[in-house]
Structures are given as structure tokens and as C-alpha cells.
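**Student:** Please see the structure below; I have some questions.
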Amino acid sequence: MGTLPIYNPATGEVIEQVPLSGAAEVEAAVQAAAAGFPGWSRTPVMERVRLMFRFKQLLEEHFEELAAIVTRHHGKTLDEARGEVRRGIEVVDFACGAPTLLQGRTLREVSSGVDQDVYRYPVGVCAGIPPFNFPVMIPLWMFPLAVVAGNTFVFKPSERTPLGAVRLAELFLEAGFPEGVLNVVHGAREAVEALLAHPQVRAISFVGSELVARRVYEIAAAHGKRVQALGGAKNHIVVMPDADLKLAVPAILGSAFGNAGERCLAGSAAVAVGNASRTLLEPLKEQTQALRVGPGDQPDVQVGPLIRDEHRRKVVGYVERGVAEGARLLVDGRSELQRPGFFLGPTVLDGVSPEMAVGREEIFGPVLSVEHVGSLEEAITQANRMALGNMAVIFTSSGRSAREFRERVEAGMCGINVPVAQPFAFFPFSGWKGSFYGDLHIHGTDGVDFYTRKKVVVSRW
Ligand code: NAD
């Protein structure tokens, strides 16, 4: 078994090694989860919830430590890391509502002397495969709801950012959950493929890039598993002529450059409608140039580094291609390439169109494209031309435009005058089209449905 280096992206230094596990380690993890399932699935719900409350308490106690781990090996700013840990803990809060969430339904006297009841049961061993960009939050989207529902879990963290999941697993054990309930196995493609093909794994929760999401969905479904596979994004932020730019401009910057653009809810294409074309560019340029780039653990830094040098080169390649295809470089962040670590400064490309690679492909870095259209109609058409449909946002002071946009835009998460349309833990999170393969979205009551199967009992006495 080989290993892979884990970096501090702010310095480029190697800080850890992660084992590249394969089929043998996956087999051991699945067997541990399978052995734990009979006991755990019959543990009374109040006992499962008591442990979940204890886990929640430990997460609060270790809040700053978890945020620091995220910043250290992912690179995002400490404030962004804190936001991520908070959003993750909120799913644990939601999971603590299991005695309500897991209730079934009853209808008595469906025919003479006959009653019908629906019960929820866990599905068995579930597996979670997250991406690199939210090392604490995305694991917490998955296993707390799964285990509180009585499932056992095998977790395969991102091989680029595995340290958050390791700490979560330690705290989970410290909370008192029995052995076998949560199992972590490291690795990359080989480990994932072993999980997808394993007959004892009943459900797969995946979050990552579009191509891999689609592949994971196809393989897992072919093996008879239930799957939720969340993919990539190309999110448009439409700015109407009647938008309040004092609100819209900082929102666009926060959306496009937060998390250094490595976020599936990054609004990476600003679409100026009509007169907004005239008024948007200057403040956008000015405020982008004022953003402070640097290591995420330093105060006042607003944009941290990218995850790896090879990823940064890919992002810079997009910038160069955009210019070659006719876009105008409004702000060039490439001066930041000189710093140690994997930095790229916020970059704005103007005059982008959906025909250009930068206009249709996910870049996943601090690069904002600006497009210009004549009407809301055109803006909606442009957004709907994307193969991906994760999030779409509109800035406007017209309820009518906002409603039209909400009704017609093909995206699973829609924002009106907000930078990032992130559903809270009690709502389902997911996109449409190539941004999602499956039926039941992640967390919220969709998550409860995903991690439970229903049994209907028809009885006559
Ligand atoms: P990725 O697809 O490279 O990796 C995701 C996971 O899949 C990792 O655990 C990785 O080990 C595994 N993996 C990678 N290649 C594989 C292969 N060929 N076969 C099987 N498994 C494989 O994604 P990433 O670079 O870690 O994350 C960034 C992507 O995730 C972006 O596209 C982003 O939009 C997306 N993302 C989506 C959401 C969402 O909610 N839709 C949230 C966060 C990130």
C-alpha cells in the first residue's frame, strides 16, 4: 500500500502522509460495519440520540481545533473554516431530532377491521465518499443522519484533505458510539471502486466532480445500491438593471472568491442584464483588486490558496484560454503565483460567452466570468444552456423578475438577493441536471428517506 502527501497549501510543505488503501482495507472496514449493524440497528433510538447529543457537545468543544485543521490542510481562511464547521454541526443538530424524524405513519380502519402502518428501518451498511473542498462539513452531511437512523457507515475521506474526517471519527468514538458504527478507510479510486462493488454496502453518498459523480451513480446503481451522487457546478449570478449594487457587488465577490472559488456554490459567472453592464464593471474591478490574498490563518486575509499546484495550473490554463478565446482580463490575479504555496489572486474575465470554455466548464478557482445580455429572458436561457444546474442567483428589486427567474431557472438551489443559496441542514441540498445523479437529495428529510427503507404492515385482529 502506497501513501500520498498531504500539503499545507499556504506554504507548499508536506505535513502528513495518507495511506492509499485498496480492496483489502475496504473489505475489513465493510466487515466491521456489517458486524456492528445487527446490534446498532436494534439499539433504542433514545440511546442513539443520546450519543449523538454527546458527539454534538464534543464538536462544539473542539470547534476551533476543527476549523484550524481545515485551514491547515485545505487552505481556506479561518473564518471560512469556522463557517464550514458550523454548517456541519447543524446537520448533527438536525440528526438529534431522530425520534421525530424516524416516525412512521398509521391509518386505522383502511377496510373493515384492517389497519395499515408504515415503519422506517435502516438500510444496512452505508458508505460516504466526499470531495476535498469541505473536509469537515461534507462528512457531517452524511454519517450523522445515517447512523442515527440505525445504519453503520464506512467513510472514505478525500485523499487530498483526510485530516478533518480522522478527527471527526476520533470524537465520534469518544462520544461513546460502539465499535463498527463508523469506519474510516483512506484511499482514492481503488478504494471507491471496492466500495461501489461490495455486495454488503447498501447505499452510497457521493459528492465530487461531475464525471466521477456520474460514474459512481452508474456503477453503484448497477450493483443494486441506492445512490445520491452530487456533481460539479457552473453557477450564474444574474444582475438586473434594478439591482442594488451596494448589495450585489460584495455578494458576487464573496460568492466567486470565497473558499478561493473551490466551492460547488461559487457564483462563478456574473451575468449583467441591460444597463447593469454599464454600472457593474467598475465597482467589481475596484473591489476585487482590494481583496487580501494570503495564508488562511492570518487575520484579515480574504482569499486563501488553491488545493494543489497542479490544480492551480489548470485554473491558470482556463484564464489563458479565456483570453485566447476573446475574453478581456479585467483583473489579473496571476501576480500572486510568485508567493510560496499554491496561490492565485482573484481574477475577472469580462465579455465571456457560453461558447468559450471558461463560459461553460467548471473552473473551481478564484476566476469570475462576466457576461452581458440584453434581457432577463436571455439570462435565463444562458443559465439553462449549462450542462450543470447546481445553483442560480438573481439580484433585483423586482418581485416579478425574481419570481420569473425562480420559476424557470434549471437549478436545484436558487438565490434571490443572496450570494450563496445554501440550504440549511433541515432542507435538502442538491442540484439538477449534471450536478446531481439520484433521487433523494442530501440532508433534510430527503436524507432521512435516503438512509431508511419503509415497511408497510397491514393487520387485522
Ligand atoms: P473528485 O471527483 O476528484 O473526488 C471526489 C471523491 O471521489 C474523492 O473522495 C476521490 O477520492 C474520489 N474519486 C476521484 N476520482 C475517482 C474515480 N475516477 N473513481 C472513483 N472515485 C474517484 O472531486 P474533488 O476534486 O475532490 O472535489 C471537487 C468537485 O466536487 C467539484 O467539481 C465540485 O463542484 C464538486 N462538489 C460538489 C458539491 C455539491 O454539493 N454538488 C459539493 C462540493 C464539491
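None of the figures in this text is laboratory data; all of them are computed from the coordinates on show. Because the structure is predicted, anything quoted here is derived from the model rather than measured. A quick note on method: Cβ atoms are made from the backbone with ideal geometry, for glycine too, and the neighbour counts reach across all protein chains shown.
**Student:** For the chain, build the charge dipole from Cβ charges (+1 Lys, Arg; -1 Asp, Glu) around the Cα centre, then report which of VAL166, VAL331, GLY12 sits farthest towards its positive end.
**Tutor:** Result: VAL166, furthest along the dipole toward the positive end.
**Student:** Per the Cauchy relation, a quarter of the hull surface: what is the mean projected area of the convex hull of the alpha carbons in the chain, in nm²? Don't skip to the end; give the middle numbers.
**Tutor:** Numbers: hull surface 92.9 nm².
Approximately 23.2 nm², given one-decimal rounding.
**Student:** While we're on this one: Please state the charge dipole magnitude for the chain, taken about the Cα centre, from unit charges on C-beta atoms (+1 on K and R, -1 on D and E), reported in debye and rounded to the nearest 20. Write out the running numbers ahead of the final one.
**Tutor:** Working: 47 positive and 51 negative charges, 206 e Å.
The calculated dipole for the chain is roughly 980 debye.
**Student:** Over the chain, what is the relative contact order in percent, taking alpha-carbon pairs closer than 8 angstrom and at least six residues apart?
**Tutor:** 19
**Student:** Now, a different point. Could you please rank VAL316, VAL273, placing first whichever residue has the fewest other Cβ atoms within 10 Å of its Cβ?
**Tutor:** Values: VAL316 18, VAL273 26.
Ordered from fewest to most neighbouring Cβ atoms within 10 Å, VAL316, VAL273 come out as VAL316, VAL273.
**Student:** Still on this structure, I have one more. Can you find, among PHE424, THR77, ALA248, the residue farthest towards the positive end of the dipole of the chain? Put +1 on the C-beta of Lys and Arg, -1 on that of Asp and Glu.
**Tutor:** Towards the positive end, the residue furthest out is PHE424.
**Student:** Using unit Cβ charges (K, R positive; D, E negative) and no other charged atoms, how large, in debye to the nearest 20, is the dipole of region 257-395 about its Cα centre? Before the final figure, lay out each step's value.
**Tutor:** Values: 14 positive and 18 negative charges, 40 e Å.
With Lys and Arg at +1 and Asp and Glu at -1, about 200 debye.
**Student:** Straight distance only, please: which aspartates and glutamates reach the Cα of LYS246 with their own Cα at less than 15 Å, same-chain residues fewer than 8 apart left out?
**Tutor:** Reachable aspartates and glutamates: GLU282, GLU286.
**Student:** Calculate the dipole size of region 191-281 relative to its Cα centre from +1 charges on Lys and Arg beta carbons and -1 charges on Asp and Glu beta carbons; express the result in debye to the nearest 20.
**Tutor:** Once rounded to the nearest 20, the dipole reads 200 debye.
**Student:** Projected onto the charge dipole of region 236-416 (+1 at Lys/Arg Cβ, -1 at Asp/Glu Cβ, origin at the Cα centre), which of MET391, THR279, LEU376 gives the Cα projection farthest towards the positive end?
**Tutor:** Sorting the options by dipole projection puts first MET391.
**Student:** Over region 236-416, what relative contact order in percent results from Cα pairs under 8 Å that are six or more residues apart?
**Tutor:** 27
**Student:** I'd like the trypsin sites (Lys or Arg not before Pro) in region 23-52 restricted to DSSP loop residues with at most 15 other Cβ atoms within 10 Å, sorted by number.
**Tutor:** Of the trypsin sites (Lys or Arg not before Pro), the ones in loops of region 23-52 whose Cβ has at most 15 other Cβ atoms within 10 Å are ARG42.
**Student:** Can you classify region 306-353 as rounded, prolate or oblate using the Cα gyration tensor, where a ≥ b ≥ c are the square roots of its eigenvalues, rounded means a/c under 1.5, and otherwise it's prolate if a/b beats b/c and oblate if not? Each step should come with its number before you reach the end.
**Tutor:** Working: a/c = 2.91, a/b = 1.81, b/c = 1.60.
Here region 306-353 falls in the prolate category.
**Student:** Going Cα to Cα from LYS225, which aspartates and glutamates come in below 15 Å? Please leave out same-chain ones fewer than 8 positions away.
**Tutor:** Candidates past the 8-residue exclusion: GLU193, ASP439, ASP449.
**Student:** Here is a further query. Hey, could you grab the Kirkwood Rh for region 236-416? Inverse mean 1/r over distinct alpha carbon pairs, Å, one decimal.
**Tutor:** The Cα-based Kirkwood calculation yields 16.2 Å.
**Student:** State the percent of C-alpha pairs, over all pairs in region 1-154, separated by a distance greater than 26 angstrom.
**Tutor:** Above the 26 Å cut-off, region 1-154 has 43 percent of its Cα pairs.
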